[in-house]
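Engineer: Handing you a structure now.
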Amino acid sequence: METKQLIAAISADAGSRPKRVGRAFALALLAGAAGGCAMFALRLDVRADVSDALATLRFPFKFIVTTLLAWTAAMLALQLAKPGLATRARGLAMAAAPALMLAAVGAELVAVPANLWTTRAVGSMAMVCLVNIPLLAAAPLVGLLLALRRGAPSSPALSGALAGLLAGAIAATFYAASCPDDSPLFVALWYTLAIGAVAATGAVAGARLLRW
């Protein structure tokens, strides 16, 4: 029996399980976002100068990158949970957020004098970022992993990592409303490290929880 036939047979045996994963995934996103919002309210506040910040380019840009990352990770994670579906296009779409971030970093390096690069990259809230994004991501990650268990991920570790990327991106979107560091250099360094930690946690958890 060829691999494709085996996957089709397993999917058929699972009945409606792969079909239900979409609904469970959507519910997990809503519940996880609510959990992340609650954690944000407990630990952080919206920055005091948010009105002024919205008039700049750097502050809204953070939300564009994190929501784009969340969207592409969600689409690919959901597709991987359904065996046999093509994932190439959505896999390529995952490059959109990093490419946009790299372009912003390049623009920042051109616009800002070299002697300020380190200051912009280090910022003032690096450790706050590294602590709070994973904390805000905890509820979304748990919910998403539970939702993906309703599917049949062909690569449990990869699916878990994508769940972590999605949870981290959701958390980073909330955290960005509080963070006063808007430089793309800061976002590219510290947000990436924090989201990467959540993705690594998701990969380890997914390898154990999403096997079938």
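Engineer: Out of the residues in the range 135-182 that are among the hydroxyl-bearing types (Ser, Thr, Tyr) and surrounded by 24 or more Cβ atoms within 10 Å (Cβ to Cβ), which is farthest from residue 55 (Cα to Cα)?
Structural biologist: 159
Engineer: Please indicate, with yes or no, whether at least one residue in the range 145-164 is part of a helix (DSSP H, G or I), touching a Pro at 6+ places or on another chain (Cβ under 9 Å) and more than 18 Å from residue 202 (Cβ to Cβ).
Structural biologist: no
Engineer: Using the structure shown, decide if residue 9 is buried (at least 18 other Cβ atoms within 10 Å of the Cβ) and either under 30 Å from residue 99 (Cβ atoms) or modelled with pLDDT under 85 (or both).
Structural biologist: So residue 9 does not fit the description; no.
Engineer: I need the full set of residues from the range 42-78 which are touching a residue at least 60 places away in the same chain (Cβ under 8 Å) and of a type in the set (Gly, Ala, Ser), in order please.
Structural biologist: Matches in the range 42-78: 53, 70, 73, 74, 77.
Engineer: Could you look through the range 165-212, keep only residues that are polar (S, T, N, Q) and in a helix (DSSP H, G or I), and pick out the one that is nearest to residue 38 (Cα to Cα)?
Structural biologist: Ranking the candidates gives 173 first.
Engineer: Of the residues that make up the range 120-129, is at least one among the hydroxyl-bearing types (Ser, Thr, Tyr) and free of Cβ contacts under 8 Å to residues at least 24 places away in the same chain?
Structural biologist: Scanning the range 120-129 turns up no residue that is among the hydroxyl-bearing types (Ser, Thr, Tyr) and free of Cβ contacts under 8 Å to residues at least 24 places away in the same chain.
Engineer: Of the conditions (1) closer than 21 Å to residue 179 by Cα; (2) of a type outside the set (A, V, I, L, M); (3) at pLDDT below 95; (4) not in a loop (DSSP other than H, G, I, E, B), residue 129 clears all except one; give me its number.
Structural biologist: For residue 129, the exception is condition (3).
Engineer: Here is a follow-up. Just name the residue that is surrounded by the fewest Cβ atoms within 10 Å (Cβ to Cβ) out of those in the range 71-120 that are of a type in the set (D, E, K, R) and at pLDDT below 90.
Structural biologist: By that ranking, first place goes to 88.
Engineer: All but one of (1) touching a helix residue (DSSP H, G or I) at 6+ places or on another chain (Cβ under 6 Å); (2) modelled with pLDDT of 95 or more; (3) surrounded by fewer than 19 Cβ atoms within 10 Å (Cβ to Cβ) hold for residue 211; which doesn't?
Structural biologist: Looking at each condition in turn, residue 211 falls short on (2).
Engineer: Which one of the conditions (1) at pLDDT below 95; (2) surrounded by fewer than 24 Cβ atoms within 10 Å (Cβ to Cβ); (3) under 14 Å from the mean Cα position of the chain (by Cα); (4) not β-branched (Val, Ile, Thr) does residue 193 fail to meet, given that it meets all the rest?
Structural biologist: If we test residue 193 against (1) at pLDDT below 95; (2) surrounded by fewer than 24 Cβ atoms within 10 Å (Cβ to Cβ); (3) under 14 Å from the mean Cα position of the chain (by Cα); (4) not β-branched (Val, Ile, Thr), just (1) comes out false.
The values are calculated or read from the model by the stated rules, or taken from the named source; none is laboratory data. This structure is a prediction, so every number in the text was calculated from the model and none was measured. Positions of Cβ are generated from backbone atoms using ideal geometry, with glycine treated the same way; all protein chains shown enter the neighbour counts.
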